[in-house]
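Read through the structure below, which is laid out as structure tokens, and then see the notes.
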Amino acid sequence: MEHNGSQRVLVLVASGPSTPARCAAPFHIATLLACMDAEVTLYLTGEGTQLARREVAESLRAVEGGEPLLHFIRNAKQAGARLLICRQPGVQLDPATLIAELDEISSGGELAQMILEYERVLTL
Amino acid sequence: MNVHGLEFPESLRYAPEHSLWLREEADGSLTIGLTAYGCALYGQIFAFTPKRVGARIERDRSFGVVEFAKAASSARSPVSGELLEVNEALLQRPALINQDCYGEGWMVRLQPTDWVTVRDQFPLGEAAEAAIAERMRLDNFDPANAHVQALQWK
């Protein structure tokens, strides 16, 4: 990803369906950061990879009666954040089951590279 | 001036693409705020977080973040300049933007870098009417509901 001089922030999303209350915050923070002209990359890893499954994103809610997670993902994307998912060894990801908002399936090596290069790394 | 049920004071300059108004101050700075149309689009504003005083803002870059009911949006500056002052009152009472967008709900004061050059790009009062109406048309703003949306900020 070309760096245009803005601060680059990597948000590692490790929370998943077992802790729904934690799942919207990474995307909302990413939205706010992007609105402040930061270059934001959201990286779904561990249990967070489950959030890229369409059935999860469309149904999981951080707050009862609130918007589904997909709403927050779309807000972050609209604000300019990039959304990556970790390619897990031995786990086949079926693109047909994933949300269209995903930009890339990425490797652990690429994650390591970003951690070294980015100005800020958050784990949520 | 009234455009599709929303008020736009004659004494202000407008940046219709940003849904912002600009007021030229005696010291050469600009006070900037959200127009009634911007308020109608956002609905109830929950927070406005400006960048720090002293920040250099390039044209079309963010001078702050507006959080509203279901999302957040950049407040993008129509001019380049230095942030001189932010409306501290909004930190505690962001609803002031909805309640008095042309008065107590002002957002920031900016020292523009090239105001003389760009000044004419921001029409004054009635001269902005066509551009504001065009912006509303491009946004598919529904004039029939303008009064309903306007009520949210009155």
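Pairs only if they're at least six apart or on different chains, beta carbon under 6 angstrom, first in the stretch B:98-117 and in contact (Cβ under 8 Å) with a residue 60 or more places away in the chain, second aromatic (Phe, Trp, Tyr); list them, first residue then second.
B:108/B:63
Keeping to the stretch A:3-13, report how many residues are at pLDDT 95 or above and surrounded by fewer than 20 Cβ atoms within 10 Å (Cβ to Cβ).
1
Which one of the conditions (1) more than 14 Å from chain B (Cβ to nearest Cβ); (2) surrounded by 14 or more Cβ atoms within 10 Å (Cβ to Cβ) does residue A:34 fail to meet, given that it meets all the rest?
The one condition residue A:34 does not meet is (1).
Condition (residue is more than 13 Å from the chain's Cα centre (by Cα), part of a loop (DSSP other than H, G, I, E, B) and modelled with pLDDT of 90 or more) applied to the stretch B:119-141: is it met by at least one residue?
Step one: list which residues in the stretch B:119-141 are more than 13 Å from the chain's Cα centre (by Cα), which gives B:119-121, B:123-131, B:133-141.
This time we only want the ones that are part of a loop (DSSP other than H, G, I, E, B), so: B:123, B:139-141.
Filter again for modelled with pLDDT of 90 or more, leaving B:123.
Yes.
Looking at B:63, B:68 in this structure, which one is within 14 Å of another protein chain (Cβ to nearest Cβ), touching a helix residue (DSSP H, G or I) at 6+ places or on another chain (Cβ under 6 Å) and touching a residue at least 12 places away in the same chain (Cβ under 8 Å)?
The match here is B:68.
If the requirement is being facing chain B (nearest Cβ under 10 Å) and surrounded by fewer than 24 Cβ atoms within 10 Å (Cβ to Cβ), which of these qualifies: A:67, A:55, A:39?
Numbers: A:55 fails: facing chain B (nearest Cβ under 10 Å); A:39 fails: facing chain B (nearest Cβ under 10 Å).
The match here is A:67.
For the stretch B:68-92, enumerate the residues that are of a type outside the set (Gly, Ala, Ser) and at pLDDT below 95.
B:68, B:70, B:91, B:92
So which residues in the stretch A:20-49 are in contact with a strand residue (DSSP E or B) (Cβ under 8 Å, 6 or more places away or on another chain), assigned to a helix (DSSP H, G or I) and not β-branched (Val, Ile, Thr), if there are any at all?
Across the stretch A:20-49, the qualifying residues are A:20, A:26, A:27, A:28, A:30, A:32, A:33, A:34, A:35, A:46, A:48.
Is one or more of the residues making up the stretch A:80-103 within 14 Å of chain B (Cβ to nearest Cβ) and assigned to a loop (DSSP other than H, G, I, E, B)?
Yes: the stretch A:80-103 contains one or more residues that are within 14 Å of chain B (Cβ to nearest Cβ) and assigned to a loop (DSSP other than H, G, I, E, B).
Looking only at the stretch A:14-51, count how many residues are within 26 Å of residue B:69 (Cβ to Cβ), out of contact with any Phe, Trp or Tyr (no Cβ under 9 Å at 6 or more places or on another chain) and polar (S, T, N, Q).
Here the count works out to 2.
Looking for something of a type in the set (Lys, Arg) and within 17 Å of residue A:14 (Cβ to Cβ) - is there at least one such residue anywhere in the stretch A:66-79?
Among the residues of the stretch A:66-79, not one is of a type in the set (Lys, Arg) and within 17 Å of residue A:14 (Cβ to Cβ), which makes the answer no.
This table checks each residue for (1) acidic (Asp, Glu); (2) closer than 25 Å to residue B:5 by Cα.
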residue: B:41; (1), (2): no, yes
residue: B:46; (1), (2): no, yes
residue: B:53; (1), (2): no, no
residue: B:60; (1), (2): yes, no
residue: B:69; (1), (2): no, yes
residue: B:78; (1), (2): no, yes
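Residues in the stretch A:10-29: is at least one under 19 Å from residue B:61 (Cβ atoms), in contact with a helix residue (DSSP H, G or I) (Cβ under 8 Å, 6 or more places away or on another chain) and within 14 Å of another protein chain (Cβ to nearest Cβ)?
no
Could you please find all residues in the stretch A:84-106 being under 17 Å from residue A:68 (Cα atoms) and surrounded by 14 or more Cβ atoms within 10 Å (Cβ to Cβ)?
Within the stretch A:84-106, A:98, A:99, A:101, A:102 meet the criteria.
The values are calculated or read from the model by the stated rules, or taken from the named source; none is laboratory data. Please read these numbers as outputs of a predicted model, since none were measured by experiment. Note that we place each Cβ from the backbone using ideal geometry, even for glycine, and neighbour counts take in every protein chain shown.
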